[in-house]
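Student: Encoded as structure tokens, here's the structure I'll be asking about.
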Amino acid sequence: MTDLAFQLAHLAPGDRSGFDAMLRIYQRSIEPSEQKSASEIAAIAGNPSYSILVLSVNGEVRGFSISFFPSGDFWLLEYLAVDESLRSHGFGRTLFLAAKNAAYERNPNAPCILEVDDPSAGPTPDNNAARRFRFYRGLGCRRIEGLDYILPLAANGTPPRMTLLVHGIDDRDTLPKGQLARWLETIYRDVYARHSNDPRLVTMMSPLPDNVCLESF
């Protein structure tokens, strides 16, 4: 872990400079086809179902996490990024653990879901899927096996092949298909404003068994 002094805080409503700094990191760090528009991110900042944590170093925002908390039995770590100049210093892990702690205060028993690029995708100058996958696995996240996740965004091109990870289910190796289906319907409806009977949900769920395997530790 770095010796640099840092602070973690929830992005305050009306903090325009903090939001703008976060947005710049977001637009530089997230694969373009996986980004929402600036106006959509601004709407998230004012939505009580969301939590935005910002990490500041020397008074400047240098990283963030965006988490979505539905009324159900999970939460979604939608985005997490650190400014490129500060990567590999432990700040990503710090943000993940801070987001996890914030989620625990809302719902102590809810597992975390993460949308990530499939690690088989080859790296590009701006997107190293395998490295990101290893990062989350190192934090104890497990792949939902057999699920080819379809990210329902298209404004900036077609997203790469994706998968879902889960954190916080350590006592079993399978997930009921019906529970996973409810999670995906909630994400499509409440995160991406898609209908809960979107045909892509059927495409994702139909090949899966009644008990979906989780990646072994």
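Read the figures in this text as sums done on the coordinates, not as results from a lab. In this text the structure is predicted, and so the values were computed from the model without any measurement. Note that we place each Cβ from the backbone using ideal geometry, even for glycine, and neighbour counts take in every protein chain shown.
Student: Enter the angle in degrees (range 0 to 90, nearest 10) between the Cα long axis of helix 91-106 and the first principal axis of the Cα atoms of the chain, meaning the one along which they spread out most.
Tutor: Tilt relative to the chain: about 70 degrees.
Student: Would you mind ranking 112, 213 so that the residue whose beta carbon has the fewest other beta carbons within 10 Å leads the list? Present the calculation step by step, with values, prior to reporting the outcome.
Tutor: Numbers: 112 22, 213 16.
Starting with the residue having the fewest Cβ neighbours, the order is 213, 112.
Student: With r as the distance between the Cβ atoms of residue 17 and residue 109 and R0 = 22 Å, compute the FRET efficiency 1/(1 + (r/R0)^6) and round to 0.05. Could the numbers behind the result be given before it?
Tutor: Values: r = 36 Å, r/R0 = 1.65.
After rounding, the FRET efficiency stands at 0.05.
Student: Related question: Can you give the Rg to Rh ratio for region 67-120, taking only C-alpha atoms and Rh from Kirkwood? Could you put the intermediate results ahead of the total?
Tutor: On the way: Rg = 12.6 Å, Rh = 12.3 Å.
Expressed as Rg/Rh, it is 1.02.
Student: While we're on this one: Could you calculate, for the chain, the ratio of the Cα radius of gyration to the Kirkwood radius, expressed as Rg to Rh? Mind dumping the intermediate values first?
Tutor: Working: Rg = 16.8 Å, Rh = 17.9 Å.
My calculation of the ratio gives 0.94.
Student: Considering only DSSP beta bridges whose two residues both sit in the chain, what percent are antiparallel, to the nearest 5?
Tutor: Values: 33 of 37 bridges.
Percent antiparallel among DSSP bridges in the chain is about 90.
Student: For the Cα atoms of the chain, what angle does the longest principal axis make with the long axis of helix 177-186, in degrees from 0 to 90, nearest 10?
Tutor: So the helix axis and the longest Cα principal axis differ by about 40 degrees.
Student: Can I ask one more? Ordered by packing density, taken as the mean number of other Cβ atoms within 10 Å over each peptide's residues, highest first, how do 203-209, 54-60 rank?
Tutor: Working: 203-209: 13.0, 54-60: 15.9.
The most tightly packed comes first, giving 54-60, 203-209.
Student: State, as an integer percentage, the relative contact order of the chain based on alpha-carbon contacts under 8 Å between residues 6 or more apart. Don't skip to the answer; put the middle values down first.
Tutor: Values: 339 pairs, mean separation 38.4, N = 217.
After rounding, I find 18 percent.
Student: Pairing the Cα long axis of helix 16-29 with the longest principal axis of the chain, what angle in degrees results, from 0 to 90 and rounded to the nearest 10?
Tutor: The angle comes out at about 60 degrees.
Student: For residue 173 and residue 24 in the same chain, what is the full-extension length gain: residue separation times 0.36 nm, less their Cα-Cα distance, in nm? Don't skip to the answer; put the middle values down first.
Tutor: On the way: separation 149, 0.36 × 149 = 53.64 nm, distance 3.88 nm.
Computed gain between residue 173 and residue 24 is 49.8 nm.
Student: Relative to the present Cα-Cα distance, how much length would full extension add between residue 205 and residue 58 at 0.36 nm per residue of separation?
Tutor: Details: separation 147, 0.36 × 147 = 52.92 nm, distance 4.62 nm.
The residue 205-residue 58 span can extend by a further 48.3 nm.
Student: Can you tell me which of 132-145, 97-110 comes out highest on packing, and rank the rest after it, using the mean Cβ neighbours within 10 Å?
Tutor: Details: 132-145: 17.7, 97-110: 14.3.
By packing density, highest mean first, the sequence is 132-145, 97-110.
Student: Still on this model: Using Cβ counts within 10 Å as a stand-in for footprinting exposure, how do 65, 51, 216 rank, fewest first? List each step's numbers first, then the result.
Tutor: On the way: 65 25, 51 21, 216 8.
The order, fewest Cβ neighbours first, is 216, 51, 65.
Student: Order of 210, 170 from fewest to most other C-beta atoms within 10 Å?
Tutor: Details: 210 8, 170 11.
Lowest to highest Cβ neighbour count: 210, 170.
Student: How would you classify region 145-217 from its alpha-carbon gyration tensor, with a ≥ b ≥ c the square roots of the eigenvalues: rounded for a/c under 1.5, else prolate if a/b is greater than b/c, otherwise oblate? If you can, show how the numbers build up before the last one.
Tutor: On the way: a/c = 1.92, a/b = 1.63, b/c = 1.18.
In terms of gyration-tensor shape, prolate.
Student: Shifting gears a bit: For region 34-49, in order, what is each residue's ³J(HN,Hα) by Karplus, 6.51 cos²θ - 1.76 cosθ + 1.60 with θ = phi - 60°, in whole Hz (x at glycine and Pro)?
Tutor: Taking θ as phi minus 60°, the curve returns 9, 8, 8, 6, 4, 5, 5, 5, 4, 5, 4, 4, x, 9, x, 7 Hz for region 34-49.
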